[in-house]
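What follows is a short report on a single structure.
The values are calculated or read from the model by the stated rules, or taken from the named source; none is laboratory data. Remember, predicted model here, so these are calculated numbers, not experimental data. Cβ coordinates were reconstructed from backbone atoms using ideal geometry, including for glycine residues, and neighbour counts include every protein chain displayed. For the accessible areas, the whole protein counts, side chains as well, though only heavy atoms, and no ligand, DNA or RNA atoms are used. Shrake-Rupley method; radii C 1.70, N 1.55, O 1.52, S 1.80 Å.
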Amino acid sequence: MYDFELARPTTLAEALEMLAEEGSDPLSGGQTLIPSLRARLAMPERLVSLMHIDELKGIEQRGDALHVKGGTTHAQLVHGAYDIFPGLASLAGRIGDPAVRTRGTIGGSVANNDPAACYPAAALATGATIHTSQREVAADDFFLGLFETALEEGEIVTGVTFPIPQASAYEKFIQPASHFALAAVFVARFDTRVGVAVTGASEDGAFRWKEAEAALTEDFSVAALEGLSLPEQGLIADVHGGADYRARMAGVMLRRAVAALA
Amino acid sequence: MQIDLTINQKSYSLELDSRVTLLDAIREHVGLTGSKKGCDHGQCGACTVLVNGRRINACLSLAAMHDGDEITTVEGLSDGELSPLQAAFIKEDGFQCGYCTPGQLCSATGMLQEISEGWPSHVSDSLDGPYELSEAELSERMSGNLCRCSCYPGINAAIRSVGEKA
Ligand SMILES: Cc1cc2nc3c(=O)[nH]c(=O)nc-3n(C[C@H](O)[C@H](O)[C@H](O)COP(=O)(O)OP(=O)(O)OC[C@H]3O[C@@H](n4cnc5c(N)ncnc54)[C@H](O)[C@@H]3O)c2cc1C
Ligand code: FES
Ligand code: FES
């Protein structure tokens, strides 16, 4: 690691003031950032820890939506959301392993936008809103590609509001060594629409599978997906699986999720 | 920077570089070498310790983030005598080389605590328990701790023999 200073503010206002200074980056659970620092892929002059800020933690129901504050860990979300949004609790309960879930946060995960991260799929499928220290951004406008988001320098994720579907399922085909998704699909069924998003598969990160959404909105059944498959273009091909394999697995995950809900 | 750590109920006041991970602080600076470094990437679980009773990978956390936390390492599980879980690992042949064992022990201790607090896992049949320590539950709940010697049958038998009594 390159040398850095570490600050541990206890209020959001203090943290934002520190982050406004050049060379400062936020540190949440560190489950992604610490390995990148170690590999010298990041060289902040100062890390501003968000882990000791109470106002950034917690989960609450807001009407038909679930609001999760940015510093909430995956484990806290699992236990806070079972009753309100079980599909999201189930997703959070399968991120990495229990030790990763004790530390990793939703804010860190959506800000990082790893192409195999789980939360972006739920955010896109439900039409979530990402709250930042400066504004509110629709999920569709927030995730901009591989490790790219709409966040500006010094801006942090303070929460995510997920509309709560009538029913939802997350089917995740894991790469067993890392527990990340090789291909995973989140299906959210609302009164008048169905949201479908895929993660793990695309070089551009999680994305909505709009053909699947249209077919399922018309007729929510596995049969309605007859002949539907993901084009291989732009899908990830690596040692764990080729683009054809990921396309195929995304189709299988989609059908499993629909079968579980239909 | 000045960092105060409480490890196994003992306080340590350390002057450390901000880059020092919790794992390196525990092993290299405090001298408790029970916790092991397998991958240094959060993937193997050899470095699992308990922070305020919850399991974390010590290699993926900075020591300075734990000022004021209660940290328990494998050395803190026994109180002169082996803990029931440690004794069960010996009785049930829960290890071969032993490298993963400190992490397995800390993780299983945290896991049994989670079960006693009613935490379901992804493979649980219901959200309300009680949770049987089936193969599926144990593989899921211990999925962060790899054993290169593949002593999983012994590890699971050891955890089960303690968990079922609890
Ligand atoms: C073994 C292992 C398995 C994993 N498996 C999965 C998996 O299956 N699915 C999955 O989704 N993830 C997985 N992860 C990643 C994990 O969920 C991380 O916790 C998450 O990606 C990053 O969250 P963090 O809180 O640790 O962020 P950090 O590592 O602290 O930060 C990540 C990045 O985001 C920035 N950042 C942090 N917080 C904020 C904020 N509030 N606002 C703006 N920027 C911020 C940081 O500057 C950094 O660039 C895994 C990680 C490990 C180590
Ligand atoms: S050394 Fe920490 S998880 Fe492998
Ligand atoms: S006993 Fe050798 S790695 Fe587990």
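Looking only at segment B:43-56, residues that are within 7 Å of chain A (Cβ to nearest Cβ), over 8 Å from the mean Cα position of the chain (by Cα) and away from ligand 3 (no atom under 16 Å from the Cβ) come to 1 in all. Those residues that are near ligand 3 (Cβ under 10 Å from one of its atoms) and open to solvent by 30 Å² or more (accessible area, probe 1.4 Å), I need them from segment B:94-122; list them, please. Within segment B:94-122, B:PHE95, B:GLN96, B:CYS97, B:TYR99 meet the criteria.
Every residue, every condition in (1) within 16 Å of ligand 1 (Cβ to nearest atom); (2) in the same structural domain as B:CYS149 (by TED's automatic domain parsing); (3) within 23 Å of B:GLU137 (Cα to Cα), yes or no:
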| site | (1), (2), (3) |
| --- | --- |
| B:GLY31 | no, no, no |
| B:LYS36 | no, no, no |
| B:GLY42 | yes, no, yes |
| B:ASN52 | no, no, no |
| B:HIS66 | yes, no, no |
| B:ASP93 | no, yes, yes |
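Per the conditions (1) modelled with pLDDT of 95 or more; (2) more than 14 Å from every other protein chain (Cβ to nearest Cβ), the sole criterion not satisfied by B:LYS165 is (1). Across segment B:1-55, the qualifying residues are those that are touching a Lys or Arg at 6+ places or on another chain (Cβ under 9 Å) and polar (S, T, N, Q), and the one among them that is farthest from A:GLY96 (Cα to Cα) is B:THR33.
Among the residues of segment B:5-26, is any under 20 Å from A:LEU33 (Cα atoms), at pLDDT 95 or above and within 16 Å of ligand 3 (Cβ to nearest atom)? No.
Considering (1) within 14 Å of another protein chain (Cβ to nearest Cβ); (2) under 16 Å from A:THR105 (Cα atoms), the lone condition that A:LEU56 does not fulfil carries the number (1). Within segment B:30-42, restricting attention to residues that are free of Cβ contacts under 8 Å to residues at least 24 places away in the same chain and open to solvent by 50 Å² or more (accessible area, probe 1.4 Å), the residue that is nearest to the other protein chains (Cβ to nearest Cβ) is B:HIS41.
Taken over segment A:71-119, the criterion of being within 9 Å of the chain's Cα centre (by Cα), hydrophobic (A, V, I, L, M, F, W, C) and more than 6 Å from ligand 1 (Cβ to nearest atom) is satisfied by A:ILE106, A:VAL110, A:ALA116. Quick one: is B:SER35 polar (S, T, N, Q) and modelled with pLDDT under 95? Here the answer is no, as B:SER35 does not meet what is asked.
Restricted to segment A:161-190, and to residues that are more than 10 Å from ligand 1 (Cβ to nearest atom) and within 28 Å of A:LEU50 (Cα to Cα), which residue is nearest to the other protein chains (Cβ to nearest Cβ)? The selected residue is A:ILE164. Against the conditions (1) away from ligand 2 (no atom under 16 Å from the Cβ); (2) away from chain A (no Cβ under 14 Å); (3) over 11 Å from the mean Cα position of the chain (by Cα), B:GLY98 satisfies every one except (1). If I filter segment B:2-9 for residues that are outside any helix (DSSP H, G or I), within 16 Å of ligand 2 (Cβ to nearest atom) and of a type outside the set (Gly, Ala, Ser), do I get at least one hit? No, there is no match, as no residue in segment B:2-9 is outside any helix (DSSP H, G or I), within 16 Å of ligand 2 (Cβ to nearest atom) and of a type outside the set (Gly, Ala, Ser).
Condition first: closer than 22 Å to A:LEU27 by Cβ and either among the polar types (S, T, N, Q) or more than 10 Å from every other protein chain (Cβ to nearest Cβ) (or both). Now tell me which residues in segment B:8-21 satisfy that. Passing the criteria: B:LEU14, B:GLU15, B:LEU16, B:SER18, B:THR21. Would you check which residues across segment A:25-70 are near ligand 1 (Cβ under 7 Å from one of its atoms), part of a strand (DSSP E or B) and either open to solvent by 10 Å² or more (accessible area, probe 1.4 Å) or outside the structural domain of A:LEU12 (by the TED database) (or both) and list them? Selection gives A:ASP25, A:PRO26. For segment A:207-223, the set of residues classified as in a helix (DSSP H, G or I) and open to solvent by 30 Å² or more (accessible area, probe 1.4 Å) consists of A:LYS210, A:GLU211, A:ALA214, A:THR217, A:GLU218, A:ALA223, listed by residue number.
Take B:VAL162 and tell me if it is within 22 Å of B:ALA25 (Cα to Cα) and surrounded by 14 or more Cβ atoms within 10 Å (Cβ to Cβ). Criteria not met by B:VAL162.
Yes or no, residue by residue, for (1) under 29 Å from B:SER143 (Cβ atoms); (2) in contact (Cβ under 8 Å) with a residue 12 or more places away in the chain; (3) not in a loop (DSSP other than H, G, I, E, B):
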position	(1), (2), (3)
A:HIS131	no, yes, yes
A:VAL137	no, yes, yes
A:GLU155	no, yes, no
A:THR158	no, yes, yes
A:THR161	no, yes, yes
A:HIS179	yes, yes, no
A:LEU182	yes, yes, yes
A:GLY195	yes, yes, yes
